[in-house]
Amino acid sequence: MTLNGNVLSNVNRSGVSSFYGGQILPSKHTAGKVREFQMNMEDAARLADCFNSFDDSDSWPGGFTHGNPYTAERVLQQKQKSEELKTLVAYDDDKIVGHCNVCPAEGDEEAAYVGLLGVRPDYQGKGFGKAMLIEATELAAHLGKRRIDLHTWPGNLKAMPLYKRVGYNWVPNTRVLMESYVPGILNCSLFKQFFEKYYWYDVLKRDIRQEPDDIRQDGIAVYEYHFEGESGDRLDVTVDRFARGMCGFRLVLNGETLEMRITPERHVGFIGVGRVPVHLRVRNGTSRPVDVSIDPEPQGGLRLDTSGPLRSTIQPDADFLLDAVYQIEPGIRPHDETEQADVKVKTQCEWRITIDGQTVYMYSGLLPTEALALSYGPEWACVAPGETARVTLQLRNNAPETVRGKVVITGLESRNIENREFEFTIERNDLHGQAVTIPTTKSDRNQVLRLRTEVYIDTEQGPTRIRDAPLQVAVIGAAGACAYEAPDGVVFLETETFRLQFMKGPHPIVANIYFKTTAWSYRGYLMYGMPGYPFPTEGGEWLEKEYEYTFRNEGDIAEVSFVGVSREKLGLVVTWTFRAYGGTGRVEIWMTFENRSSESMTNLGALRGSWADTSITRMYVPLRGKIYELSSEMWGGGRYLPKKPEDYHETWIALVDDISGSSLSYVWSNDRAVEVIPFRNHASLNLESKIPDLEPGESATTSVMTVLIGEHTWRAVRQYWAYTNARTALTDGPIQVAQDLSVGIVPADSDSVTRTGAPVIIDSATGNTMALRVQVIHEVPLTGRAIVRAPRGVLLDGESELEFDIEDLSIEKPFVKQFEMTCKNYGPWLVGGGEIELRFADRIVRVPLRVILWNSKSEVERGTRNEGGVELHEVRVGSRHLCVAPSHSGSLIRLGPTDDVSLFYDTFPEIKPYAWTDQMLSGLSPIICGHNTWDWETGLRREEWEIEDVDKGPWTGLSVKSTLKHTPRVEGLRVRYDYLIMKGAPIAAIVMTATNETPRWVRATMGVRGVIRPGGDTLCRIRTSLRGKPSVFEPTATSTTLYTEADENWVAFRGLKHGVVTGAIAQQRLPAEIRVDHIGDHGHILQMSSRLLLRPGEEARRVWFVVWDCSEDVVETLKTIQMTLFV
């Protein structure tokens, strides 16, 4: 072995030299299998095809594309925006069969990172994954990296052995970070001859186990590498796991040996106290003397004291020994091996060791640990003004012997603080807790009370202070906010309802959102902002640097700003600002880019988003004129949604957590926006913005992103958006929330889809040309399969079941398939047992199919008669009938199954106040109540109404209309009520249409009301659904009022005496659309109404249904019934 041979010249500060003099040599494992991805449309198309094949691989639990297939355009766009060191692809002839992108590692510039590694399922097991990992390792070596990392999961049984075989180690206490130190080993100049003689992968020997690599040598956490050549040649390398660098090796080559090892006596160093002996040994097993020089450089608060010379000549078969001592300086933050397993310790020493002119970099570190650890409970105390804070000081003895001492709390000397000073005696590994009470005053509102905790221990020299730590108490009022730094260095932005905890460092990334009202929290990478272009795929400089930060607390507003200076774009300064408003649950976030250089800056961008572990169950998104609810477990938004900012006609999304009752919502501006991606699963809104070019001295700020934290409904979020954008959402009328997937069977000439699950209405007397209609909000086309199974007694094109292939289904192109629906034999008016099944790659949908059978051959009788001097208009379909009296405010006087039975309280022709109320009721009477009007009925009874027959499809009945002249505050309003019965079914519809023909805005409550009497019974059991659960009301003598919810606008009445059921359903989804007033023993008043705000010339329509001769379950089944004939 020649130690003074050619030395590679390009050694960098990471301690390695570029592999093989800057050239990556092909091997039998990579030649003809791996190449670099070409940034063109042809290669992008090949890679898109490869990505789409991953859906068929068991390496991606839950699928890879999630129903959003890749295209060449999408691949190219992502690659162009991403900051990657290089993208490697595996290939077979002209086909790309694997992908491996190598990126900067997060938080460590001395490492590379494998971002996405995958191989087509039909090419797995043929060496392509191994070839890409080998090439990635050598690329990292070529780039001068000390190591290369990747992430996987413990259950990846197929890939884990491969990763370990090519040099990766499973980092203990992670799930699962893997690190390979092969790049640094390949770059060590002392090993050059060995790796010129042997190809590293062929001689690497690993003990492959499906478990963390928790290896200890003399108590020191290490990784081991063994390269075994021929004739006794071998290289054994030891890596210090905490310092993340080589700490020892034994090289045997051509019968000669060289050994080197740095060994501290323990891996734990106590901060400010104690010394850790460390020994350096160099063994010369060669046949001639070698010169050695040692140049240690301690870092991160590690102090090094050496004894003995740092230069020597080592004779053959002799050792060079150097004894030294490590000591960790006071004030260094402790490093938790469990919580920070993926972070390199800062308290380490870089040993530059030169042997006969060849330099090797070795690393050894200590875990900085408090001999007497101090913590507080709660970790971050927060109280209301005037409340006494109770904080427990917790001391843990990590030292090997019993510790005695005292604690002294200083600050706020004028206040009576209990246990301001106390003594302690703590055995080894024992814990001592002491409660401290800190009173606050009303004037302490929205600030941080600052004290100090001094810890002294008894030593031979007397009491020695080993810890001087802040003790802080945040005091926040009923509508307050405060920004501060906690004793452990964590930055907080807190209000009375939430707490934002930023990542340690600190970084301008929220690591935790704590909801105080629900005691719930979300963890992850929240509300981050990433400067570009390009944006890092992994890591990047903005995740590695330390930031300056400032606080501003002014009354109910608190603000924290982080400032970072780019090292890649010299002169670029980026400021992240987070501002919280007390009493609102609101945080505003923006980024400012400033050019402090002497040259223009171009191609600037900002990417804001989140990645969190949450229990979000629903996301509401305004998209292309509609509001969609995404609640499917499989489709949670993300890349399959449209990305163009203009697709989002309103710039807000609401994320609702039904598990905890919390919500997290975003409001933004499309100003400078390039791409918008809402993501329910990660509680995220990814917003990419273009920053204008900056001349020297210029700055630019992104638009403000507002985050609403707490318990906001989507309507409240939309309202906030409206008022911050000079728009009034209240005037938009009822909002029908659509689903991310809507499916239904509709008449073939209809261009809309019914609400998913709505019953299909067909004519039992003839054939019905219908269409299966499926709509999604996917931007990328979907393929799948549809199966329609007919209910009992119904045929589809003469069959009981039909199957269709779904192709090119997208938000632009719904799937429509026509067929004929017929009834084999007429039986019940409602038939069930059918199903619509949709199968996509990542979602299976099953929707019950129910059919309402009407009969076009039903005989309809019309007539008028005089009853008590009042003209009554009547429509009869079989035994079912309805009667309308235009002269009595256009009321529906009677509705029922027979002449002698009405579903509602009937005193006609005498109409008088009901029970002890002042409401004039008989049948169903119109409600037309102007805003803040007490007596509207007197004026309504003076209005004149016209009446006409109506017959449209399944429906027949009567229509009354009037232009109001006497009803207060609604004069000039044109009103129409259509009272309809379905031919052949016990269903009635009330359609109310109001048109504002005045020059003023009109606000009114409009609808109908009546006293419900199913089967003639006065009292009923009332069933509906509240908060998503069945709710049953049993009547008592106490009066009360019930309201239905917006998403469950139905109610069923079962008479207590006869058990007859009558139901009421609102087609529109609005709060309190149905109201039931229980009047003690007198019964129940049913009110179906809406609150309207009509602009001049605006028209509004509402639809309600009444159903009878059925069960309570049938009423609930019909809750999605829809009428489209009048729309």
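Coordinate-derived values only; no laboratory data. Just so you know, these numbers come straight off a predicted model, no measurement behind them. Glycine also receives a Cβ, built like all others from the backbone with ideal geometry; neighbour counts cover every protein chain displayed.
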What ranking of Met992, Met1088, Met503 emerges when the number of other C-beta atoms within 10 Å of each C-beta is taken as an exposure proxy, fewest first? Met503, Met992, Met1088
From DSSP H assignment alone, runs of 4+ in the chain each adding -39500 (n - 2.57), the sum over residues rounded to the nearest 500 puts [θ] at 222 nm at -2000 deg cm²/dmol
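Is the C-alpha gyration tensor of the range 862-1120 telling us rounded, prolate or oblate? Criteria: a/c under 1.5 is rounded; beyond that, a/b larger than b/c is prolate, otherwise oblate.
Rounded shape, in that the Cα axes give a/c under 1.5.
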So for R0 = 35 Å, FRET eff. of Glu265-Asp458 from the Cβ-Cβ r, to 0.05, ends up at 0.90
Suppose the chain between Arg839 and Lys442 were pulled fully straight at 0.36 nm per residue; how much longer would it get relative to their current alpha carbon spacing? 136.7 nm
How much length is gained on full extension from Glu73 to Ser287, taking 0.36 nm per residue of separation minus their Cα-Cα distance? 70.8 nm
Net lengthening on full extension, Asp899/Lys205 (0.36 nm per residue, minus Cα-Cα): 240.5 nm
Modelling each spin label as a point 7 Å along the Cα-to-Cβ direction, I'd like the Trp520/Met41 distance in nm, to one decimal. 4.7 nm
Proximal charge balance of Cys1110 [Cβ under 12 Å; K/R count +1, D/E count -1]: -3
What's the exposure ranking of Ser1031, Ser414, going from fewest to most Cβ atoms within 10 Å? Ser414, Ser1031
Under the definition of Cα pairs under 8 Å and six or more residues apart, what whole-number percent is the relative contact order of the range 740-853? 30 percent
Kindly flag which residue pairs out of Lys192/Lys344; Lys95/Lys158; Lys346/Lys545; Lys346/Lys504 have an alpha-carbon separation exceeding 21 Å in this structure. Lys192/Lys344; Lys95/Lys158
Got a sec? How would Met1123, Met362, Met246 order by Cβ neighbour count within 10 Å, fewest to most? Met1123, Met362, Met246
Could you tell me how far the Cα centroid of the range 725-796 sits from the Cα centroid of the range 241-283, in Å? 71 Å
Tally Lys and Arg at +1 and Asp and Glu at -1 over the other residues with C-beta under 12 Å from the C-beta of Gly784: what net charge comes out? -3
Plugging the Cβ-Cβ distance of Gln340 and Lys965 into 1/(1 + (r/R0)^6) at R0 = 60 Å yields, to the nearest 0.05, a FRET efficiency of 0.20
Just one of (i) 63.6; (ii) 85.1; (iii) 54.8 is mean projected area of the Cα convex hull in nm² as worked out from the coordinates here. Which one is it? (iii)
Can you tell me the dipole magnitude for the chain around its Cα centre, using point charges on the Cβ only (Lys, Arg +1; Asp, Glu -1), in Debye to the nearest 20? 1180 debye
Evaluate the relative contact order of the chain (contact order divided by residue number), counting alpha-carbon pairs under 8 angstrom at least 6 apart; express in whole percent. 5 percent
Antiparallel %, DSSP beta bridges [both residues in the chain], to 5: 95 percent
Go through 890-896, 221-227, 809-815 and give me the packing order, highest mean Cβ count within 10 Å leading. 890-896, 221-227, 809-815
If the label point sits 7 Å along Cα→Cβ of Gln719, residues of the range 551-588 with amide N under 18 Å come out as 583-587
If R0 is 51 Å, what FRET efficiency do you get for Arg552 and Glu779 from their C-beta distance, rounded to 0.05? 0.80
Between Thr864 and Asp658, what is the label-point separation in nm under the 7 Å Cα-to-beta-carbon projection? 5.2 nm
Using the Karplus curve 6.51 cos²θ - 1.76 cosθ + 1.60 with θ = phi - 60°, work out ³J(HN,Hα) for each residue of the range 927-933 in order, rounded to whole Hz, and write x for Gly and Pro. 10, 9, 10, x, 4, 6, 9
Return the whole-Å distance between the Cα centroid of the range 593-648 and the Cα centroid of the range 1020-1070. 41 Å
Other-chain or far-sequence residues with amide H under 5 Å of Leu367's (modelled H): Val268, Gly269
Please compute the modelled spin-label separation between Asp92 and Lys644, points set 7 Å along Cα→Cβ, answer in nm with one decimal. 3.9 nm
State the Cα centre-to-centre distance between the range 370-392 and the range 152-219 in whole Å. 44 Å
Most to least packed among 702-713, 30-41, 980-991 [average Cβ atoms within 10 Å]: 980-991, 702-713, 30-41
Which order do the peptides 423-434, 656-667 take when ranked by the mean count of other beta-carbon atoms within 10 Å per residue, highest first? 656-667, 423-434
